[in-house]
Every structure is written in structure tokens, then in C-alpha cells.
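Report on the structure given below.
The values are calculated or read from the model by the stated rules, or taken from the named source; none is laboratory data. These figures come from a predicted structure and were not determined experimentally. Note that each Cβ is placed from the backbone with ideal geometry, even for glycine, and that neighbours are counted across all protein chains shown.
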Amino acid sequence: MSVDRTEKRAEERTEKVGGEAAEAVATAASATSARYYPVAPGVRLNVRSGPGTGYGIVRVLPLGAQVPIFCQTTGTTVSGYYGTSKIWDNIGNGEYVSDAYVYTGTDGYVASRCS
């Protein structure tokens, strides 16, 4: 299927749904152009509603998952597979994971800071 047809279908779905569902479609469409980073091997990673362990778990990523990083922010310090970090990665609308479990190749920021 061509990109044009895919975008047209996404637009049609957006028109049929409202509110949060439309945002999810838009986020999914923009995620296709984002760079993806692998989650640590053997880890089912908790996705939280905010940048810290005090926020609720909204879903759990499966083994072997890869995540887009749209922006990064500071939050709860976490010790994980790739060390200790206070950086949290925004992987979707209201979805954050600790950078300590995402292989970015650095212990610093790889994306802009979340506003």
C-alpha cells in the first residue's frame, strides 16, 4: 500500500473517531518517522502515565520491544539494566518509560526535553 493511501486511510479513521482515539491515530502516524530504541533484553517494561515510579502503570511492553522517544524529562531515579538514570523517555501521549531500561547508546539525552 502506498504512503498516500495509508495517510488517507488514517485521515478517514481520524474523522470517524473523536477525542483521544483521534490523538492515538495521529500519534501512531507520527511514530512511523521517529527513531526506535530497543528495551533491555529479557525485560517487560512498565509504561507509566508520568515520569516516575509514583505514576500509574498504563501498560507493559512485551519482551523484545522497541520504543520511539519523542522527548525526555527528569523524574524518579531508577536503577536498571543500563545503569542508574533520572531520565524518563516519552514514548507516546501520556506514556513514559525509564531510560535506564532503554538502549540509547549514551547516558545522556538523545531527544529534546519535554515541555
Screening V58, V97 for residues that are surrounded by fewer than 18 Cβ atoms within 10 Å (Cβ to Cβ) and either modelled with pLDDT of 95 or more or of a type in the set (K, R) (or both) leaves only V58
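Filter region 77-94 for residues that are without any contact (Cβ under 8 Å) to a residue 60 or more places away in the chain and either farther than 19 Å from V43 by Cα or loosely packed, with under 15 Cβ neighbours inside 10 Å (or both) and give the result.
The initial filter retains those residues of region 77-94 that are without any contact (Cβ under 8 Å) to a residue 60 or more places away in the chain, namely 77-91, 94.
Within region 77-94, T77, S79, G83, T84, G94 qualify.
Looking at region 44-55, which of its residues are surrounded by fewer than 16 Cβ atoms within 10 Å (Cβ to Cβ) and farther than 10 Å from N90 by Cα? Give the steps one after another, and end with the answer.
Step one: filter region 44-55 for residues surrounded by fewer than 16 Cβ atoms within 10 Å (Cβ to Cβ), giving 44, 49, 53-54.
Residues satisfying the conditions are R44, T53, G54.
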